[in-house]
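Visitor: Below are the structure tokens for one structure; questions will follow.
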Amino acid sequence: VEAFRARYGPVAAVLGAGQGIGRAFALALAARGLDLLLVDVARAPLDAVCAEAEAAGARARGLVLDLGTEAADAALAAEARQARIGLAVYTAVRSLVGPFLDETPGTLRTALAVNCGGAQAACRALAPPMVERGRGGIVLLSSLAGLQGTGFVAAYAAAKAFDLTLAEALWWELGEAGVDVLGLVAGSTDTPGFRAGRPRLETGAVLDAPEAVAREGLDHLADGPVWICGEGNRRIAEALAALPRRERVGAISASTRALFAGPPGLAPPTRRP
Ligand SMILES: NC(=O)c1ccc[n+]([C@@H]2O[C@H](COP(=O)([O-])OP(=O)(O)OC[C@H]3O[C@@H](n4cnc5c(N)ncnc54)[C@H](OP(=O)(O)O)[C@@H]3O)[C@@H](O)[C@H]2O)c1
């Protein structure tokens, strides 16, 4: 705990901390002795996570901010000047599930602003003090869907490819200054956001726990530029990478569409520990 706090403390910022993987990161970071700046777009879930983190012994402050807007640039820059943020984890997301042509132009723009613009803004605002101190870390969440084009979540997958590529490049640029940057690739994870896409869990989908994603991300902060969470997901990524591009895109697109729009089956959902 002490070495972790010395390398990545005293304050961690979790952007998109109100639920799901962001909430799991917040609580895991509290357990590792960091104080927290928790950002989300709504006040109530943020307050709840702050209370949970404080019960775990951390000092936690909630900041309501729409990370998809330009206002986030100045707000995050101000936080970077005041709070001693040594670690930033970007988990905010607008997920889009379904045929691309069913989305409105406005929804697509908003999602792009949160999923890509917000991640980029967080890196730009929060990295400079880390570089000055010569230590720190940044985690950007990506997805198996972002390792290639994935139909039925086309815009989401493209955004996750952006996040992964940004993380890889910053791993190289900021690594020289002592800042660990990690593109963290998660598979299907049991979060409110994932469930909001109404997956057919009765078809036997295996979901990861958000706590497992956070734990692996923090354990492998210095193992960038990319870390794929979970043995099962690493095997899927390997199998996909071995396929010719057309087959690869076809396989993941078909399984994604089946997960969200396929016929109901019989097997119960499984959740990995
Ligand atoms: N769950 C999965 O299966 C999975 C798989 C691979 C990768 N990931 C990645 O993991 C990350 C977290 O996913 P998750 O499933 O935990 O998501 P989630 O359950 O939807 O939680 C995301 C959080 O971000 C907040 N948020 C959305 N828009 C925001 C904005 N403009 N400004 C500030 N906060 C905003 C959400 O608030 P509201 O609820 O109020 O919108 C929510 O609290 C994402 O980057 C996702 O791509 C997830």
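Visitor: Inside segment 30-60, can you point out the residues that are in contact (Cβ under 8 Å) with a residue 40 or more places away in the chain and buried (at least 22 other Cβ atoms within 10 Å of the Cβ)?
Guide: Those that are in contact (Cβ under 8 Å) with a residue 40 or more places away in the chain and buried (at least 22 other Cβ atoms within 10 Å of the Cβ): Leu34, Leu37, Val39, Asp40.
Visitor: Taking segment 61-109 as the search range and keeping residues that are among the hydroxyl-bearing types (Ser, Thr, Tyr) and surrounded by fewer than 16 Cβ atoms within 10 Å (Cβ to Cβ), which one is nearest to the ligand (Cβ to nearest atom)?
Guide: It comes out as Thr107.
Visitor: Taking the residues in segment 119-168 that are among the polar types (S, T, N, Q) and within 13 Å of the ligand (Cβ to nearest atom) as candidates, determine which candidate is nearest to the chain's Cα centre (by Cα).
Guide: Among those that are among the polar types (S, T, N, Q) and within 13 Å of the ligand (Cβ to nearest atom), it is Ser142.
Visitor: Moving on to the next point. Search segment 186-211 for residues that are within 16 Å of Ile236 (Cβ to Cβ) and polar (S, T, N, Q) and pair each with any residue that is in a strand (DSSP E or B) and within 10 Å of the ligand (Cβ to nearest atom) when their beta-carbon atoms are under 7 Å apart and the residues are at least 6 apart or on different chains.
Guide: Listed by first residue and then by second, the contacts come to Ser188/Leu207; Ser188/Asp208; Thr189/Leu207; Thr189/Asp208.
Visitor: Just give me the residues in segment 189-204 being at negative phi and over 12 Å from the mean Cα position of the chain (by Cα), in sequence order.
Guide: Passing the criteria: Asp190, Pro192, Phe194, Arg195, Ala196, Gly197, Pro199, Arg200, Leu201, Glu202, Thr203.
Visitor: Kindly list the number of the only condition in (1) of a type outside the set (A, V, I, L, M, F, W, C); (2) surrounded by 18 or more Cβ atoms within 10 Å (Cβ to Cβ); (3) in a helix (DSSP H, G or I) that fails for Asp180.
Guide: With respect to (1) of a type outside the set (A, V, I, L, M, F, W, C); (2) surrounded by 18 or more Cβ atoms within 10 Å (Cβ to Cβ); (3) in a helix (DSSP H, G or I), Asp180 is out only on (3).
Visitor: Would you point out the residue of segment 14-42, among those that are within 12 Å of the ligand (Cβ to nearest atom) and small (Gly, Ala, Ser), that is farthest from Ala58 (Cα to Cα)?
Guide: Ala42
Visitor: Of these, Ile252, Ile236, Ile228, which one is in contact with a Ser or Thr (Cβ under 7 Å, 6 or more places away or on another chain) and of a type in the set (A, V, I, L, M)?
Guide: Ile252
Visitor: Separate question: Going by the structure shown, is Leu218 away from the ligand (no atom under 11 Å from the Cβ) and buried (at least 21 other Cβ atoms within 10 Å of the Cβ)?
Guide: yes
Visitor: Another question about this same structure. With respect to Ala113, determine if the residue is within 8 Å of the ligand (Cβ to nearest atom), modelled with pLDDT of 95 or more and more than 23 Å from Phe260 (Cα to Cα).
Guide: yes
Visitor: Taking Leu243, is it touching a helix residue (DSSP H, G or I) at 6+ places or on another chain (Cβ under 8 Å), modelled with pLDDT of 95 or more and part of a loop (DSSP other than H, G, I, E, B)?
Guide: Judged against the criteria, Leu243 is a match.
The values are calculated or read from the model by the stated rules, or taken from the named source; none is laboratory data. What you see is a predicted model, and the numbers here were worked out from it, not measured in a lab. With ideal geometry, Cβ positions are generated from the backbone for all residues, glycine too; neighbour counts draw on all protein chains shown.
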